[in-house]
Structure formats: C-alpha cells, structure tokens
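Participant: One structure, pasted below without further comment.
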Amino acid sequence: MVDIILATKNPGKIEELKALLADMEVNVLSLRDFPDMPEIEETGVTFAENAEIKANTVARITGKLTLADDSGLEVDALGGRPGVLSSRFGGPDASDRDKYLRILELLEGIPDEKRSARFRAAVAVATPGGETTIVAGTCEGRIAHGPSGESGFGYDPIFFIPELGLTMAEVPSDVKNRISHRARAMQSARRILERYLATGKL
C-alpha cells in the first residue's frame, strides 16, 4: 500500500481529507506523524502556489507522495479578503472564533445581497521526484450575520449556503464532503492519485 502524506497539522483538515481518501488503497499520514518537519513558509500569493510549496517541500524531505491543500475565504465586500491570509487573519495568535468574529465586525450593517463570498481551495499532489499536479475547487455562499453550527472548523460557522439554508458548520459531514471547496478539489485530486497508483506517474 502506498503511503501518502497530508501536508498539514490541522486536525479538522486531516479528518476531512482522510474521509475523502477513505476508500482508496493508500496509507494516509500527516505532518503530525513527522514532528521534526521544519515549519514551511507559505510565501505564495495564490492558494495554488502555497499548496505547491507545501507539497513539494514535504515530498522532497520525506521521500513520499504528498498531498497539500491551501484554502481560504474570499469576501467580495472586503475586496476578496482574507484570501490567502485566511489562516493568519487577525494575527498569528487569533483563534478560529477571533477570525470569524473579525469578519462579522467588518461586515456590520452590510445587507445580505452584498455579503457574497466563497471558499476556495487548491490541492497539490507531489512526488519525491518533483512531479506536481494542482487542482482547484470553490463553494459559493454568503456571510451570515452571526455564527451558527458546531461542526467543521475555521470560518464554517459564518459561511451560509443559500440553497441549503444552513451554514457550513450546520451541514452534516457527509454532505460537506460532497459540496465543499475542498471536496470539489479532492474529486479531481482523487483521479490524479488513481492514475499514480496505476502507473506510478501523476
């Protein structure tokens, strides 16, 4: 069975990605299994660049197939912020709650029709030999007027999906694993992994 490393320590992200790979013939590891891995600086200006940096670095250091995602929230009324800075929005010590409350504060008084937003994800798959393929996914919605729901992580409690009438944090995990930005990117990534398992090439 082929090892694949998820280039993240985020427990919520690890759980989601493992669920999306559960039926594949791969042994899924994460950076939590490599405590000596150096911190990887995300110096890219796009989600795709950051995903590629993480995937290539981890694949090179470990000698194993690596999958990395970079994702975040884009709010139209904020000019696309927080974007690639989603994980660092509000400062390095800000909690998920701090981050989404800051978004709500910035959007105070903004009506529903101007609260459009999207989650965007890029997933990179890299081999130790330097081959890399990148895919992407998005999920459209709007920013709610307050947090709701206990599931998920990050900005999920304030990301409202009009067609479901729920925030991402209220959506059952099996539904989220079909409709989320990460799930949509992973649908394409799975095809890449299936090809790799069959041919040894991305």
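Participant: Enumerate the amide H contacts of Ser30 below 5 Å, restricted to partners 5 or more residues apart or on another chain; note that Pro and chain-start residues carry no placed amide H.
Facilitator: Leu6
Participant: Can you list the HN-Hα couplings for the range 56-70, worked out from phi with the Karplus curve (6.51, -1.76, 1.60; θ = phi - 60°), rounded to whole Hz and with x for Gly and Pro?
Facilitator: With coefficients 6.51, -1.76 and 1.60, one gets 5, 5, 5, 4, 5, 6, 8, x, 10, 4, 10, 10, 10, 10, 10 Hz.
Participant: P(r) for the chain, please, calculated from all Cα pair distances in 5 Å bins and given in %.
Facilitator: P(r) for the chain, in whole percents per bin: 1, 8, 16, 20, 20, 15, 10, 6, 3, 1, 0.
Participant: Sort 127-140, 51-64 by packing, meaning the average of other beta carbons within 10 Å per residue, with the highest value first.
Facilitator: Numbers: 127-140: 17.0, 51-64: 21.0.
For the peptides 127-140, 51-64, the packing ranking is 51-64, 127-140.
Participant: Normalized C-alpha radius of gyration of the range 127-187, against 2.2 N^0.38 Å? Don't skip to the answer; put the middle values down first.
Facilitator: Working: Rg = 14.0 Å, N = 61, 2.2 N^0.38 = 10.5 Å.
With N residues counted in the range 127-187, Rg over 2.2 N^0.38 Å equals 1.33.
Participant: Then there is this: Order the peptides 110-122, 85-97 from the highest to the lowest mean number of other Cβ atoms within 10 Å of their residues. All intermediate terms of the calculation are to be shown ahead of the outcome.
Facilitator: Working: 110-122: 17.5, 85-97: 13.2.
Top to bottom by mean Cβ count within 10 Å: 110-122, 85-97.
Participant: With θ set to phi - 60°, apply the Karplus curve 6.51 cos²θ - 1.76 cosθ + 1.60 along the range 42-55 and write out the HN-Hα couplings as whole Hz, x wherever there is a Gly or Pro.
Facilitator: Karplus values, whole Hz, x for Gly and Pro: 8, 9, x, 9, 10, 4, 4, 5, 5, 4, 5, 4, 5, 5.
Participant: Let me ask something else. From the phi of every residue in the range 112-122, what ³J(HN,Hα) in whole Hz does the Karplus formula 6.51 cos²θ - 1.76 cosθ + 1.60 yield, where θ is phi - 60° and glycine or proline is x?
Facilitator: After applying 6.51 cos²θ - 1.76 cosθ + 1.60, I find 3, 5, 10, 9, 4, 7, 8, 8, 10, 9, 10 Hz.
Participant: If you don't mind, another one. Just need the relative contact order of the range 2-199 here, percent rounded to a whole number, with Cα pairs under 8 Å and 6+ apart. All intermediate terms of the calculation are to be shown ahead of the outcome.
Facilitator: Details: 378 pairs, mean separation 37.9, N = 198.
After rounding, I find 19 percent.
Participant: Once Lys and Arg get +1 and Asp and Glu get -1 on their Cβ, which of Tyr100, Val135, Ala183 lies farthest toward the positive end of the dipole of the chain?
Facilitator: Looking along the dipole axis, the top candidate is Val135.
Participant: Right, another one. Pairs Lys18/Lys176; Lys18/Lys201; Lys13/Lys201: which exceed 19 Å Cα-Cα? It would help to have the intermediate numbers written out before the result.
Facilitator: Details: Lys18/Lys176 14 Å; Lys18/Lys201 22 Å; Lys13/Lys201 26 Å.
Exceeds cut-off: Lys18/Lys201; Lys13/Lys201.
Participant: Here is a further query. Which net charge results when you count Lys and Arg as +1 and Asp and Glu as -1 among the other residues whose beta-carbon is under 10 Å from that of Thr66?
Facilitator: Working: positive: Lys54, Arg60, Lys64; negative: Asp3.
Value of the local net charge: +2.
Participant: A follow-up question, please. Hey, can you grab everything whose amide H is under 5 Å from the amide H of Asp3? Only 5+ residues off in sequence or another chain; H modelled, so Pro and N-termini drop out.
Facilitator: Amide H neighbours of Asp3, under 5 Å, 5+ apart: Asn27.
Just so you know, all these numbers are worked out from the coordinates, no wet-lab data involved. Note that the structure is a prediction, hence the values are computed from the model and not measured. Here the Cβ is made from the backbone with ideal geometry for all residues, glycine too, and neighbour counts use every protein chain on show.
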